[in-house]
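S.K.: This is the structure, below, for whatever I ask next.
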Amino acid sequence: MSDKWFAVSNPASGGGRGSRDRERIATLLRESGLDMDMAASEYQGHTLKLAADAARSGFRKFLAIGGDGTLNEMLNGALASGAGEGEALFGLVPVGRGNDWARTHRIPTRYRDAVAVLRRGRAVDHDVGVADIGTQGLRRFFINAAGAGFDAHVVERTRDDRLGAVSYLLALPASLLSYHAPELVLRFDQQNISGKVFLAFASVNKYCGGGMLVAPHAEFDDGLLDVTVVNEVSVWELLLNLKKLFDGTLPSYRKVRTFRTRSVEIAGPVPVNSEADGELIGTTPIRFSVLPRYVKVVVP
């Protein structure tokens with residue numbers, strides 16, 4: 001069964017486009033000649049369960065038809081249920097609002113072209129991020145970016161929209177007014193960063209939040225996390241410099257620090273919300289690390 005794809009379509013992705021376009025995408029996949037079984041998710045977290053069951057059944061090729069959240073659930077289900085290092089291959093037909101993972105890998109958003117990538121693309125090695133959450137032994141994988149602080153605060157306010165660019169910007173003013181930068185300590189490579197931190201990203205890829213270029217130098221197969229730390233900023237200061245989140249100049253801003261590491265621990269006196277691939281995963285303390293070249297993905 002390892003040569004057969006297991007596909008999950010998320011009807012809620014893209015603000016409902018996943019439901020409206022499901023048959024159209026299924027027809028394109030059938031016409032492509034790809035051998036696959038297809039299922040549809042019915043609730044948040046269902047893709048994780050479906051992928052886990054498929055992995056236990058012997059599937060090692062997984063196709064997400066949705067957004068970054070759908071791909072994240074598929075990754076977690078497959079890796080937690082039998083797909084070991086180098087065994088799993090992932091593909092994506094982008095139907096999300098943000099499509100940050102697809103943006104990094106230049107996977108087309110036109111369905112026919114995305115299906116053509118699955119048919120004629122190449123399989124490359126890809127790092128996987130790991131979030132070890134709290135003290136309960138909870139673990140969550142991510143393939144794009146994870147963070148603690150303001151990004152998770154906005155995710156909480158836009159959880160139905162998967163942090164697409166429009167929903168992020170619409171939620172930004174109210175989120176800023178209700179958010180206060182917490183005291184955090186980041187520990188990495190025998191170094192510490194402490195103080196009031198607006199947010200801290202640990203990135204495998206370059207983009208998050210529906211097109212925010214927070215880690216322009218990140219490489220998806222270098223075995224390192226690109227960590228971006230933004231110190232406390234005022235509402236007006238953030239709004240005046242908002243374009244830096246999207247044009248790749250964020251690392252050069254005076255209140256931003258960046259570093260590369262294999263792991264980073266984030267903690268503080270009070271729990272702070274954390275997210276991975278635009279999904280809330282828990283609160284600090286949290287440890288982000290990386291599994292180098294752990295899966296394969298299909299890219300153009």
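S.K.: Within the stretch 133-154, identify whether any single residue is of a type in the set (D, E, K, R), touching an Asp or Glu at 6+ places or on another chain (Cβ under 8 Å), open to solvent by less than 10 Å² (accessible area, probe 1.4 Å) and assigned to a strand (DSSP E or B), and answer yes or no.
M.R.: Taking every residue of the stretch 133-154 in turn, none turns out to be of a type in the set (D, E, K, R), touching an Asp or Glu at 6+ places or on another chain (Cβ under 8 Å), open to solvent by less than 10 Å² (accessible area, probe 1.4 Å) and assigned to a strand (DSSP E or B).
S.K.: Let me ask something additional. Any residue in the stretch 51-62 that is under 12 Å from residue 10 (Cβ atoms) and more than 20 Å from the chain's Cα centre (by Cα)?
M.R.: Taking every residue of the stretch 51-62 in turn, none turns out to be under 12 Å from residue 10 (Cβ atoms) and more than 20 Å from the chain's Cα centre (by Cα).
S.K.: Does residue 220 fit the bill of being surrounded by 14 or more Cβ atoms within 10 Å (Cβ to Cβ), in contact with a strand residue (DSSP E or B) (Cβ under 7 Å, 6 or more places away or on another chain) and farther than 30 Å from residue 115 by Cβ?
M.R.: In short, no.
S.K.: Out of all the residues in the stretch 234-255, is one or more hydroxyl-bearing (Ser, Thr, Tyr), open to solvent by less than 30 Å² (accessible area, probe 1.4 Å) and out of contact with any His (no Cβ under 9 Å at 6 or more places or on another chain)?
M.R.: The answer is no, given that none of the residues of the stretch 234-255 is hydroxyl-bearing (Ser, Thr, Tyr), open to solvent by less than 30 Å² (accessible area, probe 1.4 Å) and out of contact with any His (no Cβ under 9 Å at 6 or more places or on another chain).
S.K.: Every residue in the stretch 1-18 that is part of a helix (DSSP H, G or I) and touching a residue at least 24 places away in the same chain (Cβ under 8 Å), please.
M.R.: Within the stretch 1-18, 13, 14, 15, 17, 18 meet the criteria.
S.K.: Answer yes or no: is there a residue in the stretch 282-293 that is more than 22 Å from residue 92 (Cα to Cα), free of Cβ contacts under 8 Å to residues at least 40 places away in the same chain and not charged (D, E, K, R).
M.R.: No - not one qualifying residue is present in the stretch 282-293.
S.K.: So which strands (runs of 3 or more DSSP E) are wholly in the stretch 192-298 and hold at least 1 residues that are within 16 Å of the chain's Cα centre (by Cα) and modelled with pLDDT of 95 or more?
M.R.: Of the strands (runs of 3 or more DSSP E) lying wholly inside the stretch 192-298, those with at least 1 residues that are within 16 Å of the chain's Cα centre (by Cα) and modelled with pLDDT of 95 or more span 225-231.
S.K.: Okay, next question. If you go through the stretch 251-281, how many residues are in contact with a helix residue (DSSP H, G or I) (Cβ under 8 Å, 6 or more places away or on another chain) and in contact (Cβ under 8 Å) with a residue 60 or more places away in the chain?
M.R.: 9
S.K.: Let me ask you something else. Out of curiosity, is residue 230 farther than 30 Å from residue 87 by Cα and touching a Phe, Trp or Tyr at 6+ places or on another chain (Cβ under 6 Å)?
M.R.: Considered against the rule, which asks whether it is farther than 30 Å from residue 87 by Cα and touching a Phe, Trp or Tyr at 6+ places or on another chain (Cβ under 6 Å), residue 230 comes out as yes.
The values are calculated or read from the model by the stated rules, or taken from the named source; none is laboratory data. Computed from a prediction, not measured in an experiment: that's the story for all the values here. As a convention, Cβ positions derive from the backbone with ideal geometry for all residues, glycine included, and neighbour counts pool all protein chains shown. To get the accessible areas, we keep the full protein, side chains included, count just its heavy atoms, and leave off ligands, DNA and RNA. Shrake-Rupley method; radii C 1.70, N 1.55, O 1.52, S 1.80 Å.
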